[in-house]
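Below is one structure, written out as structure tokens, with a few remarks after it.
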Amino acid sequence: MSEPMAFGDRIVKKALEAGFNECAVLLNNIERTMVRIANNQVVVTQNWVSGKASLYLSAKERVFQLSFDTINIDHIERTIKELALGIDRTERSFLYAPLPDPDPSARPLEGGFDQKVYDMLENPSEVSEILINTALGEGAERVAGVIDLGVEERCLITSKGFSRCERKTFFISHLRSFVSEGSGHWGYGSRFYDAREVEDVARRSAEYARLSRTQRSVEPGLYDMVLSPMVLGELLESVARGFSALSYILGLSFLRGKKPGDKVASDVLTLKDNPLKHDLLGSSGFDDEGIATRVNTLIERGVFKTLLHNTKTASHMGVGSTGNAGWIYPRPWSLTIEPGDMGDDELVRELKRGLIITNNWYTRFHNYVEGVFSTVSRDALLIVENGDIVGAAKKVRITDTLPNLLSRISAVGRTLYKVKWWEIGVPVEIPFVLVRGLRISS
Amino acid sequence: MEDILNLAVDYARSLGATYAEARYHRIEGGNINLRADRVIGITYRASEGIGVRVIYNGALAFASTTRLDAEGIKKAVERAVATARVFSESIKRKTELSSERLGRSSYEVKPKKSFDSMPQDLKISFLKDLYTIALESLKEARLSTLLTSYSESIEEKMVINSDGAYIRSRLPRIESFINIVLSSPEKGTINKWLEIGAVRGLEHFEEIKLVDSLKETISRMEENLLRGIEPPKEKVDVILGSEVVGLIVHEGVGHPLEADRVFGREAAQAGESYVKPEMVGKVRIGNRYATIIDDPTIPGSSGYYLYDDEGVPARPKILYREGVIENLLHNRETAHLMGVASNASARATNHASEPIVRMSNTYLAPGDMEFEELIEDIDLGVYIKSNMEWNIDDTRWRHRYIGLEAFLIEKGELTKPVRNPVIEITTGDLLSSIVAADKNLEFFPGMCGKGEPMQGIPVWMGGPNIRLPKISIGVAPIE
């Protein structure tokens with residue numbers, strides 16, 4: 001038995017001895033290095049060696065979640081004992097369902113470890129040089145960005161007998177380039193290092209900065225627009241939140257009132273949660289309950305197919321788990337969109353007249369249930385006329401609803417991008433999309 | 001622990017670091033989460049570790065560890081020094097720190113009513129009572145969703161650095177989140193996210209009269225949902241409530257005056273600023289009502305501290321004085337770049353976070369009028385008491401706020417509820433057009449995000465009710 005599994009096994013035994021009926025232990029050991037760049041140079045390096053233990057405990061259908069950012073066995077055991085004394089001072093969770101029996105098909109996902117990433121933990125200077133030098137060589141006057149890489153071991157041990165570990169690397173780089181008043185930003189995230197992708201991050205951010213160096217205002221109104229994967233990735237996080245069955249049960253999802261089979265998006269949109277593609281940052285072979293992960297289609301050609309479930313939400317709604325635990329909150333692993341048949345340039349030609357939004361931030365909701373939101377563009381906002389980029393616009397604010405966004409996607413690009421940066425939480429592999437008629441307020 | 005931190009500082013210096021800092025940081029607490037009157041689950045969390053910062057040949061590096069023994073801390077120091085060494089030769093602008101008189105002190109906030117004084121079952125009962133109160137506050141609308149979350153924690157820190165700082169602190173934090181959705185078959189839904197937070201004990205709920213506040217909020221939401229009218233189409237006088245004003249000065253003044261942002265360190269994350277270093281002390285953005293202060297020493301506040309995480313003694317900072325930018329928010333690194341003293345704005349979320357420039361409690365200075373005086377000569381206007389959606393561009397200039405609890409003002413009186421009024425305005429237009437402020441200074445808690453990895457840090461935001469003349473108001477939802 002490996003060290004983490006023995007550790008987890010010991011915690012499970014102690015929890016059962018203390019009076020809990022069930023226990024799951026999730027152990028995350030991470031070695032991580034982050035390099036932050038600003039004003040064309042490295043401004044700080046950050047380095048973490050951390051262990052985290054998360055526990056799920058239940059007794060008499062009461063549900064407890066514990067998290068320890070320090071793996072201190074005495075502290076964990078002491079806390080379990082103290083918590084056990086208060087079991088009767090809490091109440092049954094209305095979401096309670098037993099932990100599942102071990103799923104024989106739930107195994108660590110093969111692949112997902114890149115020795116090159118691991119080797120760069122102590123010295124990622126090769127990447128910072130590529131990012132800075134490539135962008136400056138492409139005309140950027142000033143750059144800022146991040147290199148974030150490391151290795152994570154994730155182990156799950158449950159009182160039902162599940163015991164598995166996965167060890168995977170991660171590599172993220174994103175860069176923002178500035179030229180005069182223009183700026184461009186692009187990012188990349190994968191399990192693997194790829195120098196060409198890093199160069200592409202730098203090159204594309206510099207290109208967008210050059211294209212937006214002079215800007216003019218555009219009037220409020222309805223616009224056709226091409227959304228870059230950076231924008232779509234940021235917005236899809238809110239979409240995915242609505243697909244979590246817990247949001248749905250709690251009455252906070254924009255899908256409220258909808259059911260599988262209902263039309264919720266345009267025919268060209270097929271959205272999946274894919275944990276099985278081993279190069280994606282969210283890839284994993286088993287969820288936090290020990291259920292085998294699988295590809296779940298959330299929207300198929302515009303039709304709502306399934307919510308994301310753990311065993312609790314599934315039991316509550318009378319369906320099966322989709323392998324997306326979170327012990328309480330079912331969450332997506334990696335969101336993907338089925339590619340269309342248009343190249344990125346073809347999408348712009350198809351747009352004919354409108355805007356290309358290359359990046360956004362600060363999406364906020366006025367009403368989660370109705371999906372009413374606004375988001376602010378940042379970096380290059382390109383004006384398209386007669387299918388050609390003819391200039392750049394000053395920042396705008398998109399003010400619309402998630403149902404409108406999903407139903408007005410009229411074309412999907414064929415090239416998929418693994419974009420990642422500060423505003424994209426859930427990993428994605430998605431294309432550019434063309435949306436007809438989103439409102440800009442200012 | 002003191003020995004381990006001293007070991008970290010001494011060891012870093014022996015490896016060639018010109019500056020070394022070690023911070024023990026522990027946060028322990030828990031949450032209770034309910035939907036309506038039913039428990040979802042109970043959580044407990046403990047975060048404990050040491051964060052180390054070093055400067056080696058002008059390169060700044062941070063490392064953290066959850067191993068609290070000598071071997072663990074020495075490895076963290078070695079990692080910090082090693083990565084700093086890798087980049088030190090390529091760095092053109094070396095990191096230096098301002099010279100400061102650093103603190104050697106301990107402080108603690110003792111709650112009047114400790115978290116342990118109320119057993120778990122009574123805390124659950126309290127949250128259940130909120131559901132009953134919410135139901136009883138409604139006359140016609142349906143309570144579609146009520147999520148309540150109660151959170152308590154103790155934050156302990158010890159900071160030691162090679163420039164002589166020695167700071168210990170212990171703070172209790174209480175927070176509660178209430179997500180309310182009311183619905184009506186004819187009118188749709190209205191959604192509010194109510195947030196409560198302070199560095200206090202359980203007495204905070206009584207002091208802010210949480211029960212009364214919830215009743216009033218739900219009644220206003222119901223009125224707004226069922227009987228809210230569209231805002232006037234013409235330009236009218238607008239009264240912005242303390243909650244909205246606090247958010248505006250946080251987003252449009254506090255953030256852009258963070259000196260690290262001004263110098264471009266957040267360019268790829270939280271963004272840049274409309275402020276340039278040479279504007280300080282010279283450029284007028286607002287009018288005489290625009291005096292904005294950041295003060296970490298307000299007792300009980302979410303942003304409370306007496307020394308920052310670099311050991312600099314905390315004090316109130318005037319960010320804008322009567323419309324003129326007077327001070328940026330500084331840590332020792334940005335203070336050195338500007339040739340000024342740090343004003344103690346370095347904060348770290350936890351042991352795994354580097355200290356960066358942060359706000360504490362940011363507010364617009366109150367005026368001397370009563371609320372009634374503020375509105376008495378308004379023939380037609382709108383009072384936006386609170387908001388839900390908001391956002392701002394990444395230089396912190398162009399704001400948007402959608403009012404949630406809002407009222408029509410007719411002939412000096414609040415009359416009908418107004419549904420979803422939208423204000424889109426620049427920082428400059430807003431701060432230069434205030435024509436009056438009342439004396440009702442109120443604060444609201446928030447979790448401020450910045451940095452990479454993202455650091456959420458508790459703050460208060462506040463101000464009085466203010467009056468703006470002849471503002472265009474939009475309306476949402478948009479169709």
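The table below gives the values:
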| item | result |
| --- | --- |
| Efficiency of FRET between A:Glu181 and B:Asp429 - r from beta-carbon atoms, R0 30 angstrom, step 0.05 | 0.90 |
| For the protein assembly as shown, the spread of Cα positions along each principal axis, largest first, Å | 76, 66, 63 |
| Chain B: relative contact order in percent, alpha carbon pairs under 8 Å with at least 6 residues between | 16 percent |
| Helix B:120-137 vs. chain B, principal-axis angle (Cα, 0 to 90°, nearest 10) | 30 degrees |
| Among B:Ala59, B:Ser386, B:Val109 - extreme Cα towards positive end, dipole of chain B, charges at beta-carbon | B:Ala59 |
| Dipole of chain A [Lys/Arg +1, Asp/Glu -1 at C-beta], most positive-end residue of A:Thr375, A:Trp361, A:Trp333 | A:Thr375 |
| Calculated SAXS-style log₁₀ I(q)/I(0) at q = 0.10 Å⁻¹ - the stretch B:2-227, Debye, Cα scatterers | -0.66 |
| Share antiparallel - DSSP beta bridges, the stretch A:215-440, percent rounded to 5 | 80 percent |
| Total charge dipole magnitude, the protein assembly as shown, about the Cα centre, Cβ charges on Lys, Arg, Asp, Glu only, Debye to nearest 20 | 440 debye |
| Label-point gap, in nm, between A:Ile30 and A:Glu385 - each point 7 angstrom along Cα→Cβ | 4.8 nm |
| Sum of -39500 (n - 2.57) over DSSP H runs of 4+, divided by residues of chain B (222 nm, nearest 500) | -6500 deg cm²/dmol |
| Cys with no candidate disulfide partner in the protein assembly as shown (beta-carbon separation under 4.7 Å rule) | A:Cys23, B:Cys448 |
| Dipole moment magnitude, nearest 20 debye, the stretch A:3-211 about Cα centre, only Lys, Arg, Asp, Glu C-beta charged | 540 debye |
| The stretch A:272-291 residues near the modelled A:Arg301 label - backbone nitrogen below 18 Å, point 7 Å along Cα→Cβ | A:272 |
| Förster radius 35 Å - calculated FRET efficiency between B:Val475 and B:Met447 (Cβ-Cβ, nearest 0.05) | 0.75 |
| Extension gain, B:Glu186 back to B:Arg142 (0.36 nm per residue minus Cα-Cα distance, nm) | 14.7 nm |
| Net charge over other residues, Cβ less than 13 angstrom from the Cβ of B:Glu410 (K, R count +1; D, E count -1) | -3 |
| Furthest towards positive pole of dipole, A:Ala140, A:Leu95, A:Ala202, structure part the stretch A:3-211, Cβ charges | A:Leu95 |
| Label zone at A:Thr214, where the point sits 7 Å out along the Cα-to-Cβ direction: the stretch A:380-419 residues whose backbone N lies under 19 Å | A:380-385, A:388-395 |
| For chain A: relative contact order, % (alpha-carbon pairs under 8 angstrom, 6 or more apart) | 16 percent |
| Nearest-ten-degree value, helix A:195-211 long axis tilted from longest Cα axis of chain A | 40 degrees |
| Spherically averaged projected area of chain B from its Cα convex hull (nm²) | 23.2 nm² |
| Computed E for A:Glu141/A:Leu222 - FRET, C-beta separation, R0 45 angstrom, nearest 0.05 | 0.80 |
| Sum of side-chain charges, A:Val435 neighbourhood, beta-carbon under 9 Å (Lys, Arg +1; Asp, Glu -1) | +1 |
| Amide hydrogen neighbours beyond the local backbone of B:Ser360, cut-off 5 Å, H modeled | B:Asp295 |
| Nearest-ten-degree value, helix A:73-85 long axis tilted from longest Cα axis of chain A | 70 degrees |
| Relative contact order for the stretch B:132-243, counting Cα pairs under 8 Å that sit 6 or more residues apart, in percent | 26 percent |
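Throughout, read-outs are computed from the coordinates displayed, never taken from laboratory work. Here the structure is a predicted model, which means the values were calculated and not measured. A quick note on method: Cβ atoms are made from the backbone with ideal geometry, for glycine too, and the neighbour counts reach across all protein chains shown.
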